[in-house]
Each structure stands twice: as structure tokens, then as C-alpha cells.
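All remarks here apply to the structure that follows.
The values are calculated or read from the model by the stated rules, or taken from the named source; none is laboratory data. This is a predicted model, so every value here is computed, not measured. For neighbour counting, all protein chains shown are included, and Cβ atoms are generated from backbone atoms with ideal geometry for every residue, glycine included.
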């Protein structure tokens with residue numbers, strides 16, 4: 001059985017910010033490798049009280065608590081104090097660490113404020129964890145059958161310490177093996193139907209279906225005796241159920257798989273985007289080293305640009321409208337003007353306005369041109385402007401992938 | 001004083017997914033308007049036990065608990081049962097609601113499974129909240145001086161019910177007034193230095209600095225007697241400290257402000273992107289109605305495209321390299337070929353490879369061409385490929401904004 005772990009992010013700003021708290025994502029991943037499942041996440045205010053209450057509540061029912069943030073030198077860095085209070089312990093200053101921190105301040109020509117010495121205060125019975133990337137050290141504390149690990153909130157520091165110091169030390173138990181199967185060009189509900197019959201065989205708890213931005217991930221978990229063999233069995237069974245919608249595993253991304261296929265085929269790609277407005281190009285460029293097979297593209301938002309840069313005939317635009325199969329195909333083919341042997345053309349109505357009874361918001365035409373010919377797909381995507389654009393980008397990259405695999 | 005609220009997201013998949021939990025963002029916003037501050041967020045597993053323990057722990061120290069998720073018809077929808085257990089109450093079936101749900105199933109030609117009747121089970125003493133968008137109703141329960149609100153996890157349903165049903169009912173107290181000041185072209189640490197002297201005057205708790213993707217937001221909070229007047233005072237003081245880095249307030253975004261300036265000036269924009277690879281175009285297109293002043297652009301990732309589509313002279317590329325001031329300026333000016341009166345050119349080294357001692361990873365040249373002339377900026381951005389690209393996009397849009405304001 002997996003051991004239970006909890007994650008506490010300390011910081012009032014995290015309660016107000018509309019941005020993801022990602023440290024727990026990294027922690028969940030690293031902990032799985034050491035045999036721990038994250039069973040609860042909390043975000044609490046940066047007060048001693050809030051930290052102490054969270055720790056006390058979790059102490060009796062988890063084997064590991066990771067705290068992130070609140071270890072710096074300022075007045076609202078109170079994680080040390082909160083944890084000490086929860087455990088009814090004091091804090092002891094570790095003089096050599098304090099002096100090392102003072103030396104860092106001195107090296108930057110700044111005097112160390114008195115309260116910054118608190119970074120060297122360690123909960124009694126605990127030990128300091130060196131921070132290889134920043135100033136504030138972490139702490140490792142054993143209490144009441146539970147391990148508490150205090151880490152800085154800066155993502156790069158937290159990740160370095162989790163991976164380099166915490167995981168090796170936790171990793172005495174057997175890890176939970178995971179495999180992510182990546183699917184595209186399909187909706188979550190359909191995937192669920194297709195894999196449901198496998199739940200009985202492998203257990204409902206061993207698979208999580210995650211859907212986001214036009215892609216679906218099957219996260220497979222396996223632990224205990226025979227974990228490795230069972231993971232491969234699960235992989236084979238779920239991959240068979242996924243069929244051609246499966247594009248990769250684990251770190252594969254849709255853009256990275258498309259770029260790899262292009263390399264194999266010796267083709268260079270250019271894209272012609274209307275409603276996605278550069279989203280597909282941007283996702284391709286996000287992959288390091290994309291430049292060897294991705295030339296670039298055109299964001300032909302205005303019809304004039306579709307004509308001038310891609311050579312889409314004015315008659316086609318007039319006869320069928322910009323959002324139509326002939327125009328998508330002409331855009332894909334027009335990328336040959338940019339020196340590409342493989343082209344993607346996208347045109348659609350992202351909304352909120354511009355829809356008509358014949359072409360409602362969400363109507364998208366996409367086409368892929370290769371030396372083997374032109375492939376076209378029409379979609380009617382649900383959701384608002386942002387969702388239509390993200391679904392379009394995912395389905396378009398997936399159409400590229402399928403075409404390059406088959407052609 | 002603001003009243004304390006907590007948010008509990010129920011769902012094991014939320015503990016495994018590497019994607020943001022956004023329902024709490026919507027809740028925090030809506031609750032502020034009703035005078036509640038979110039002081040804790042939790043994500044718990046979908047077991048009765050986990051839900052019950054979270055509710056019991058929070059009940060005594062918050063005035064409001066919002067729970068999202070776990071109200072559907074499947075076996076792992078256990079929020080109702082968990083809350084009932086936490087409050088030592090039973091569940092009672094509301095027959096008319098059950099029949100209405102059965103009618104929805106029937107309308108779609110499907111029989112209602114027996115366990116789906118659980119959607120009509122209400123915690124004793126509580127009442128059902130109709131769901132205007134979906135099937136599963138919410139619940140409103142008063143217990144031990146605390147209000148518990150159970151809402152579906154589907155974001156559109158949660159938002160509709162929070163805004164339409166929950167906020168009006170909570171809104172008897174005085175709301176917490178908020179104002180977001182939006183800054184760009186500046187780093188968080190510098191903003192902090194500039195506004196620090198205002199903390200004494202307005203209170204450290206009344207302002208939160210949020211930084212993400214090359215932008216900084218100052219979130220101002222004001223409550224109690226004289227809240228409206230004080231908010232305007234704060235706005236004036238912080239805006240003065242922000243100076244020309246302030247580009248807007250509340251719902252303003254950098255792309256929306258740039259598009260508005262273009263409309264005022266009667267100029268049409270095209271962009272020429274290299275390292276950002278369509279990110280700037282995509283952000284502009286994300287604003288509904290962008291097409292009246294945004295023509296589109298070129299993702300000139302390959303040098304051939306810089307020459308062919310933008311007319312960047314081969315000699316410039318040979319003499320200065322693609323990442324250089326002359327090439328950025330030529331790219332910006334080259335957008336006139338696309339029919340634009342305003343052009344943005346971006347070229348840089350996003351990494352992880354491609355850096356040299358003279359042009360290390362993070363080196364970016366950007367230029368804006370308007371009828372008044374060409375403006376150039378050179379940056380050395382920190383971080384990985386993704387961060388360099390996001391900082392570049394934000395600083396480039398901000399350069400456009402400043403140029404359009406001044407020129």
C-alpha cells in the first residue's frame with residue numbers, strides 16, 4: 001500500500017493570486033517515485049497559527065508532510081515557528097549556518113538584517129537541509145511517526161531539494177510506478193467508455209483520466225509486488241483500448257511527437273493560422289530544437305494576408321467564405337511558398353461574435369498538405385473563444401501527427 | 001473585519017492532475033464582493049472520511065465553507081454523505097427534485113440509474129440550490145454558526161451558482177472592495193521597492209503584489225467604513241508610485257490595451273516574431289474583436305522567411321546575425337508589406353542552446369515601427385526557454401503600448 005503524504009503551501013498571496021500553485025505538482029511526482037501518494041493539499045495563510053493548526057491536524061493521519069514557503073528572512077516567513085508550535089518544541093539557532101548566510105549577504109555587499117538570522121533557526125530534534133540553489137535552508141523533522149519536510153517556496157529551490165535531497169532519503173520503500181498514456185483527437189467521455197471494462201481487471205483506483213486543452217491523459221499507477229510487470233500489462237491493455245488516439249507516453253507532447261515524425265520523414269513544416277492566431281506555431285516553438293524542421297508560419301487573420309502571403313485565390317474567399325474547406329486547403333497548400341513540404345492550414349469562427357446559422361461559433365476547418373496530398377477535417381468545437389482556440393490547436397497538431405504516420 | 005471563508009475542492013483526480021484548480025479563484029473573487037476573505041484552500045480525496053474530516057476541522061474557525069465537486073451521480077460522488085457525517089446529521093431525499101432529474105434522463109432517452117437518485121438527497125436542515133446549467137443541485141446548510149455551501153465541480157455550473165444564487169444571499173454584510181492595478185515592463189522587486197513606503201499609510205495587509213509572466217499586479221483591498229473613499233486614495237497613491245509602468249486596471253489586459261490604443265490612433269498592426277514563435281500574435285487574437293486592427297503576422301523562425309516575407313536584407317543577417325538590433329528593426333519595418341502602419345519585430349535566443357558569449361541565452365532584440373519612426377530595445381531575460389518567451393511577449397506588447405502612448 002502507498003504511504004499517505006500531505007502538502008501544505010504557506011502564503012497568503014497564494015490564496016489571492018489567480019495562478020496555479022505548482023510546487024505540489026512537482027512534489028506529487030517526486031513522492032510517487034518514493035512510494036507516497038499525495039492525499040491532501042492545503043494552502044494556508046502565512047501566520048504561525050495557520051501553519052500550526054494545519055500540521056497538527058495532518059500529523060496523526062499522514063506519514064509525510066511537505067511544507068513549502070515561509071522559510072525566508074522576512075516577518076511573514078513563519079513556517080519554522082508554526083511547525084515548532086505544532087510539535088510543542090522550541091527552535092535552536094544553528095550558528096555555522098547563520099554565519100554562512102551572513103557571508104552570502106556580505107559577498108553581495110549588504111549587511112545581514114538581524115531577523116535574517118532566523119533562517120538558521122531549526123526546530124528542535126530536526127536538522128537543516130542545505131539549499132543548493134538559494135539562501136534559505138530547508139528542514140527535516142521526525143515527530144510522532146510522521147516525517148515533516150520544510151522547503152523554500154521558490155520553485156527552482158524546492159524542485160532541486162526535493163529531487164536531490166528528499167527523494168533519495170525517502171526512497172527506502174518501494175516506489176509507486178506510473179505511466180502516462182497521452183491521447184489526442186478524442187474527447188474524455190469517449191475514452192472513459194472505451195477503458196471502463198478494464199477497471200474490473202486492474203482496479204478503479206489504478207487509473208486516473210485527465211483531460212485538458214483537447215488532450216486526454218490516462219495516468220496508470222502500479223505498486224507492491226509485481227508492480228513493474230503489472231504496469232506493462234496495464235500499458236498494453238489501455239494502449240489497445242486507446243488505439244490510434246494514443247500519440248505517446250510520459251514526457252511526450254503533441255508538438256514534440258509531430259516534430260519527431262517530420263524529422264523521420266525528412267519534411268519541413270510551415271503553418272497558416274487564422275482563428276488560432278499563432279497558437280499552433282507557438283506550441284511547436286516551445287519545443288527546444290524545433291528550428292530544424294519547423295520553418296515558421298503565417299498568422300493570416302485578415303483575408304488580405306491569406307491572399308498576399310499564401311496565395312489563397314480571391315475567388316475562393318468570395319465563393320466559400322474564409323471559414324471553408326477550400327480556403328483551409330488552399331492555406332495548407334500555400335505554405336509551399338514558404339519553402340515547406342508539409343503545411344497546415346486552419347480557419348474557423350472562435351467567437352464570441354462572427355457566427356452564422358450555417359457556420360456557428362466553434363466551426364473550424366483544418367487541412368494538412370503533404371507530398372501525398374491534402375487531408376481536410378471539419379469540426380464544431382464547444383466552449384468559449386479560448387476553449388475553441390485550444391481545442392483547434394490540439395486537434396490540428398493531432399491531424400498532422402496522424403497524417404504523417406499514415407501518409 | 002472581513003469574515004473568514006474556506007474552500008474545499010473534492011476529487012482525487014485533482015490531487016494527481018498537473019493543472020490548476022480554478023474553482024477556488026472564482027470563489028475567492030465572488031466571496032470578496034460579499035465581504036469574505038478566503039483564508040484556506042484544501043484539495044481532498046473523494047472519500048466520505050476525507051470530506052468529513054476537512055469540514056469538521058474548519059467548522060469551528062470559519063464562517064463560511066464552500067465545497068466544490070462530488071455532487072454527481074457516481075459512486076465516488078460522496079460530498080453529501082461526508083458533510084452529513086461531519087455535522088452528525090442524516091440525509092433526506094427531496095422527491096420532487098429526484099423526479100425532475102429523472103425527467104431530464106428520460107428526455108435524453110436514458111433510464112435513470114437507481115444511484116442517481118442520490119443527487120436529490122439533502123443534508124438534514126439544509127436546502128437544495130437549483131443548478132441552472134446542469135443536473136446536480138447544490139446545497140445550503142447552516143450549522144454551528146457556519147454556513148456550508150455545496151456546489152458542483154463543473155466550473156461553468158459552479159460559477160453560475162456562486163454568482164447567481166450564493167453571492168446575493170451572502171451579500172448582507174459590506175463587501176471588500178478591490179482594485180487591481182496592472183503593471184508591465186518592470187520586475188516585481190523594483191515595484192516592491194517603489195511602493196514599500198505606502199505600507200505604513202495603508203497597512204501591509206491591504207496590498208498584495210502578484211507577479212506572473214512578465215507582468216506585475218498590485219491587488220488593493222479596502223473594507224469597513226469609508227472603504228470606497230480609501231480605495232480611491234490607495235489607487236491614486238499606488239498609481240503614482242507605479243508611474244508609466246501602469247497600463248490598466250482590473251479587467252484590462254496588455255493585449256486589450258494595445259488594441260485599444262491602435263484603434264484610437266487609427267493604426268493597423270502586424271507582428272514579425274522569431275523566438276516567441278506566434279505567442280504575441282496568439283495573445284492579441286485571444287481578445288474578442290481583435291480583427292479590426294490586428295492584421296496578423298509572420299512567424300519567421302527560419303532566416304529564409306525573414307528575407308522572403310519581411311524583406312530583411314541578406315546582408316543585414318550576414319553582417320549582424322539574426323539576433324541583432326538591425327534585424328529586429330528590419331522585421332518591424334517589414335510588416336508594412338502586410339499592409340500594416342504599425343509593426344513589431346522580435347528576434348532572440350530563447351535557449352536552451354544557441355547562446356554565445358556575445359549573445360547568451362535570454363538575449364532579445366525587439367523593435368516597434370510606427371509612422372513616427374522605429375523604437376528598439378535590447379533585453380537579457382532570465383530563466384528557461386518558456387520563461388524567456390513569456391517575458392519577451394510581455395515586454396514586447398508593453399513596448400508597443402508605450403510607443404503608441406508617446407508617439
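In the list B:278, B:289, B:311, which residue meets the criterion of being modelled with pLDDT of 95 or more, farther than 13 Å from residue B:366 by Cβ and in the same structural domain as residue B:368 (by TED's automatic domain parsing)? Working first, answer last.
Numbers: B:289 fails: modelled with pLDDT of 95 or more; B:311 fails: modelled with pLDDT of 95 or more.
B:278 is the lone residue from the list that is modelled with pLDDT of 95 or more, farther than 13 Å from residue B:366 by Cβ and in the same structural domain as residue B:368 (by TED's automatic domain parsing).
Kindly establish whether residue B:393 is within 34 Å of the chain's Cα centre (by Cα), within 14 Å of another protein chain (Cβ to nearest Cβ) and assigned to a helix (DSSP H, G or I). Outline the logic, then answer.
Details: within 34 Å of the chain's Cα centre (by Cα): yes; within 14 Å of another protein chain (Cβ to nearest Cβ): yes; assigned to a helix (DSSP H, G or I): yes.
Here the answer is yes, as residue B:393 does meet what is asked.
Can residue A:132 be described as modelled with pLDDT of 95 or more and farther than 30 Å from residue A:381 by Cα? Judged against the criteria, residue A:132 is not a match.
The residues in segment B:353-365 that are surrounded by fewer than 20 Cβ atoms within 10 Å (Cβ to Cβ) and either within 14 Å of chain A (Cβ to nearest Cβ) or more than 17 Å from residue B:392 (Cα to Cα) (or both) can be counted, and the count is 6.
Only a single criterion out of (1) more than 21 Å from residue A:7 (Cα to Cα); (2) touching a strand residue (DSSP E or B) at 6+ places or on another chain (Cβ under 9 Å); (3) surrounded by fewer than 22 Cβ atoms within 10 Å (Cβ to Cβ); (4) in contact (Cβ under 8 Å) with a residue 60 or more places away in the chain is not satisfied by residue B:71, namely (3). Note on segment B:366-383: residues that are part of a loop (DSSP other than H, G, I, E, B) and either free of Cβ contacts under 8 Å to residues at least 12 places away in the same chain or surrounded by 15 or more Cβ atoms within 10 Å (Cβ to Cβ) (or both) total 2. When residue A:209 is tested against (1) free of Cβ contacts under 8 Å to residues at least 40 places away in the same chain; (2) assigned by TED's automatic domain parsing to the domain that holds residue A:10, only condition (2) is not met.
Where strands (runs of 3 or more DSSP E) fall entirely within segment B:90-190, those with at least 1 residues that are more than 22 Å from the chain's Cα centre (by Cα) are at B:91-93, B:121-123, B:127-129, B:138-143, B:146-151. Those strands (runs of 3 or more DSSP E) of segment A:232-313 in which at least 1 residues are more than 25 Å from residue A:349 (Cα to Cα) and away from every other protein chain (no Cβ under 14 Å), considering only elements entirely within it, cover A:246-249. For residue B:224, work out the one condition from (1) in a helix (DSSP H, G or I); (2) in contact (Cβ under 8 Å) with a residue 60 or more places away in the chain; (3) more than 9 Å from every other protein chain (Cβ to nearest Cβ) it doesn't fulfil. With (1) in a helix (DSSP H, G or I); (2) in contact (Cβ under 8 Å) with a residue 60 or more places away in the chain; (3) more than 9 Å from every other protein chain (Cβ to nearest Cβ) applied to residue B:224, the lone miss is (1). Quick check on residue B:220: is it closer than 21 Å to residue A:45 by Cα, at pLDDT below 90 and surrounded by 15 or more Cβ atoms within 10 Å (Cβ to Cβ)? Against the criterion (closer than 21 Å to residue A:45 by Cα, at pLDDT below 90 and surrounded by 15 or more Cβ atoms within 10 Å (Cβ to Cβ)), residue B:220 does not qualify. Only residues that are in contact with a helix residue (DSSP H, G or I) (Cβ under 8 Å, 6 or more places away or on another chain) and surrounded by fewer than 16 Cβ atoms within 10 Å (Cβ to Cβ) were counted across segment B:111-141, and they come to 5.
Residues of segment B:224-247 that are touching a strand residue (DSSP E or B) at 6+ places or on another chain (Cβ under 7 Å) and farther than 26 Å from residue B:398 by Cβ: B:227, B:228, B:230. Screening residue A:350 on (1) crowded, with 24+ Cβ neighbours inside 10 Å; (2) at pLDDT below 95; (3) away from every other protein chain (no Cβ under 12 Å) shows it passes everything except condition (3). The sole residue among B:311, B:373, B:339, B:362 that is within 19 Å of residue B:268 (Cβ to Cβ) and in contact with a strand residue (DSSP E or B) (Cβ under 8 Å, 6 or more places away or on another chain) is B:339. Answer yes or no: is there a residue in segment B:335-342 that is within 13 Å of chain A (Cβ to nearest Cβ), under 28 Å from the mean Cα position of the chain (by Cα) and in contact (Cβ under 8 Å) with a residue 24 or more places away in the chain. Checked segment B:335-342: no residue is within 13 Å of chain A (Cβ to nearest Cβ), under 28 Å from the mean Cα position of the chain (by Cα) and in contact (Cβ under 8 Å) with a residue 24 or more places away in the chain.
Restricting the search to segment A:314-334, which residues are touching a residue at least 12 places away in the same chain (Cβ under 8 Å), in a helix (DSSP H, G or I) and more than 14 Å from every other protein chain (Cβ to nearest Cβ)?
A:316, A:317, A:325, A:327, A:328, A:329, A:330, A:332, A:333
Residues that are within 13 Å of residue B:41 (Cα to Cα) and facing chain B (nearest Cβ under 7 Å) were ranked within segment A:19-49; the one that is nearest to the chain's Cα centre (by Cα) is A:20.
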